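The values are calculated or read from the model by the stated rules, or taken from the named source; none is laboratory data. Note that the structure is a prediction, hence the values are computed from the model and not measured. Don't worry about glycine lacking a Cβ; one is built from the backbone with ideal geometry, like all the others, and counts go over all protein chains shown.
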Amino acid sequence: MKTNWKTTLKNVSFMILMLQLCVVLGQKKVVVIDVGHGGKDSGAIGINGILEKEVVLNIAKEILELNKTILNDGFDIYLTRYKDTLISLSDRSRLAKCLNTDVFVSLHCNASHNFSRGMEVYVHCSDNRNTKATISLGISVLQESTQKLGFKERGIKYANFQVLREMADFCPALLVETGFITNADEAAYFLMPKNIGAMALTVLMGVTNYLNVGL
């Protein structure tokens with residue numbers, strides 16, 4: 001897996017200018033990062049005991065930091081949890097609605113009993129007013145992440161996950177499976193802090209690219 005940092009940083013420089021314009025015009029966007037699992041719910045348990053709940057929390061915290069350091073707080077970003085606590089699915093969507101969220105991204109890690117690998121994103125299976133926008137968001141996140149990091153692209157899929165169901169009619173809502181922690185290579189990838197940062201940056205850039213289409 002490789003990271004094309006030169007291309008990513010070039011994109012970041014352009015996005016900073018666009019986001020500054022967005023803030024000046026009073027259109028600062030609200031992004032909620034739903035950090036999957038937490039507390040007694042560890043999520044998937046991967047190779048060498050790596051836990052889904054820890055991986056996604058680390059990625060989410062990096063997204064927060066990168067929004068500050070490279071995008072100059074271009075977005076108002078909130079997490080559904082900031083530490084190892086269990087938040088109900090209903091409370092996650094309730095929080096997002098109270099914040100009048102523009103984009104909702106739920107972070108998870110995948111697991112399987114075979115050698116599956118790669119990233120995939122889920123949108124709600126209903127045909128709702130945000131379906132097309134959510135698919136566009138999903139494509140943006142997938143392209144940034146898989147092309148820059150070298151993960152296999154497993155595409156966009158449809159499901160009736162509760163957080164997607166409750167957010168589908170409110171705003172573009174996406175569930176991202178960042179990789180398979182039951183795959184030795186991908187589990188090892190997420191053990192390295194620099195790789196957590198790389199994944200966070202590409203997810204953030206995917207959201208940024210999507211939101212800037214409408215500027």
What residue, among those in the stretch 42-74 that are closer than 21 Å to residue 164 by Cβ and touching a Ser or Thr at 6+ places or on another chain (Cβ under 8 Å), is surrounded by the fewest Cβ atoms within 10 Å (Cβ to Cβ)?
44
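Of everything in the stretch 77-131, what is basic (Lys, Arg) and farther than 20 Å from residue 202 by Cβ? Give them in sequence order.
The answer is 81, 83, 92, 94, 97, 129.
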Which residue pairs have Cβ atoms closer than 9 Å, lie 6 or more positions apart in sequence or on different chains, and pair a first residue in the stretch 68-84 that is over 26 Å from residue 53 (Cβ atoms) with a second residue that is at pLDDT 95 or above and among the charged types (D, E, K, R)?
74/29
For a quick check of your reading of the model, give me the residue pairs whose first member lies in the stretch 93-105 and is touching a residue at least 40 places away in the same chain (Cβ under 8 Å), whose second is small (Gly, Ala, Ser), with beta-carbon atoms closer than 7 Å and at least 6 apart or on different chains.
104/96; 104/173
Could you say which residue among 63, 77, 59 is among the hydrophobic types (A, V, I, L, M, F, W, C), assigned to a strand (DSSP E or B), out of contact with any Gly (no Cβ under 6 Å at 6 or more places or on another chain) and within 18 Å of residue 174 (Cα to Cα)?
77
If a residue has to be in a loop (DSSP other than H, G, I, E, B) and loosely packed, with under 14 Cβ neighbours inside 10 Å to count, how many in the stretch 26-41 make the cut?
4
